[in-house]
């Protein structure tokens, strides 16, 4: 898995992620967790332990679908 946050024109923030496969709502869960930590509700060092739990509730839910879109699929 490779992922990165970056800024774009017009105060847009983009999250890009690439992987061989994804679980249902996986990207939305990662985005929600990242946003919560960015807001000060947790520490970046907490992320590995949260991901190791393999529990969506530990990941603080899923980000709203609005604004998220599939960019490309490679086979």
Does residue 33 count as over 17 Å from residue 15 (Cα atoms), out of contact with any strand residue (DSSP E or B) (no Cβ under 7 Å at 6 or more places or on another chain) and either outside any loop (DSSP other than H, G, I, E, B) or at pLDDT below 80 (or both)?
no
From the list 71, 5, which residue is assigned to a loop (DSSP other than H, G, I, E, B) and touching a strand residue (DSSP E or B) at 6+ places or on another chain (Cβ under 8 Å)?
71
Within the range 10-29, is there a residue that is in a helix (DSSP H, G or I) and touching a strand residue (DSSP E or B) at 6+ places or on another chain (Cβ under 7 Å)?
yes
How many residues of the range 42-68 are touching a helix residue (DSSP H, G or I) at 6+ places or on another chain (Cβ under 9 Å) and either in a loop (DSSP other than H, G, I, E, B) or on the phi > 0 side of the Ramachandran plot (or both)? The answer is 12
Does the range 2-17 hold any residues that are within 17 Å of residue 51 (Cα to Cα) and surrounded by 11 or more Cβ atoms within 10 Å (Cβ to Cβ), and which are they?
3, 17
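The values are calculated or read from the model by the stated rules, or taken from the named source; none is laboratory data. Here the structure is a predicted model, which is why all the values come from computation and not from measurement. Note: ideal-geometry Cβ built from the backbone for every residue, glycine included; neighbour counts use all protein chains shown.
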